[in-house]
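The values are calculated or read from the model by the stated rules, or taken from the named source; none is laboratory data. Quick caveat: nothing in here was measured; it's all calculated off a predicted structure. Cβ: placed from backbone, ideal geometry, glycine included. Neighbour counts: every protein chain shown. Note: accessible area is taken over every heavy atom of the protein model, side chains too, but ligands, DNA and RNA are not part of it. Shrake-Rupley method; radii C 1.70, N 1.55, O 1.52, S 1.80 Å.
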Amino acid sequence: MEILSAATMLFLIMDPLGNLPIYMSVLKTIDPKRRRVVIIRELVIALVILMVFLHSGQALLDFLKIKQETVSIAGGIILFIIAIKMIFPRPGGIMGLPAGEEPFIVPLAVPMIAGPSTMAALILLANQEPNKMTQWSVALFAAWLISAIILTMSNTFHRVLGEKGLNAIERLMGMILVMIAIQMLLNGIGRYFQHQLS
């Protein structure tokens, strides 16, 4: 259940359905045969970055002398902002490239998949229960794999769901993420006051 819960949270944060229009917009000027190769390459790069971040997150926290509750509060705030943007999207894309230019790492791998909110969640998982790194790695891989399947089938999803369907799903995922963000924030605040009183 912990793996499933963590994988669900990471999948919602990665938001592949919300990223579909951005992926299609960035890749529309690239040859269709090359498009899938670019998507897979960017997804693999994102997975490597996230795995490294998951396993080095605790060391980074120790080096910076950052406490667990600080990460929880910061992560909750970041997730909340991302969720609000998902529920109330602004017109136009949030990023892009010049026409015909093939993306490399930015923006498809980072920050679309390996974004700050995903990294904050991974640091939080690694910091909360460092003895469960295998479970967190499995959860991350599962969330990444589902995201990868969705993004590599971007044209099919767009045809089936349409613009309105994609927008509706993104807003629904945003609502769920708001609840996760608030819970993360409350957990961090609760631990902060607990440490202050003890």
Task: Mean Cα-pair separation over length for the chain, i.e. relative contact order, pairs under 8 Å, 6 or more apart, % - done: 47 percent
Open item on the list: With a 1.4 Å probe and all protein chains left in place, how much accessible area per residue does the chain have, in Å²?
Closed with: 53 Å²
Task: FRET efficiency, Thr29 to Ile182 (Cβ-Cβ, R0 45 Å, nearest 0.05) - done: 0.70
Task: Pairwise label distance in nanometres, Ala168 with Asn155, each label 7 Å out on the Cα-Cβ vector - done: 2.5 nm
- [ ] Taking H placed 1.01 Å from N in the peptide plane, check which residues at least 5 places from Thr29 or on another chain put their amide H under 5 Å from its amide H.
- [x] Gly100
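Rounded to the nearest whole Å³, what is the per residue volume of the convex hull around the Cα atoms of the chain?
Values: hull volume 24.0 nm³, N = 198.
Spread over its residues, the Cα hull of the chain gives 121 Å³ apiece.
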Task: Rounded to whole Hz, the Karplus (6.51, -1.76, 1.60) HN-Hα couplings of the range 72-79, x for glycine and proline - done: 5, 5, 4, x, x, 5, 4, 4
Task: Heavy atoms of Leu185: accessible area, 1.4 Å probe, square angstrom to 10 - done: 50 Å²
TODO: Give the carbon-plus-sulfur fraction of the accessible surface of the chain in %, rounded to a whole number; probe 1.4 Å, heavy atoms of protein chains only.
DONE: 70 percent
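Under the classification rounded if a/c is under 1.5, otherwise prolate if a/b is larger than b/c and oblate if not, where does the range 128-198 fall, given a ≥ b ≥ c as square roots of the Cα gyration tensor eigenvalues?
Numbers: a/c = 7.30, a/b = 1.79, b/c = 4.07.
Here the range 128-198 falls in the oblate category.
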Open item on the list: Using only Cα atoms and rounding to the nearest 10 degrees, what angle (0 to 90) does helix 16-27 make with the longest principal axis of the chain?
Closed with: 40 degrees
Open item on the list: What distance in nm separates the two pseudo spin-label positions at Leu197 and Ile40, each 7 Å out from Cα along the beta-carbon direction?
Closed with: 5.5 nm
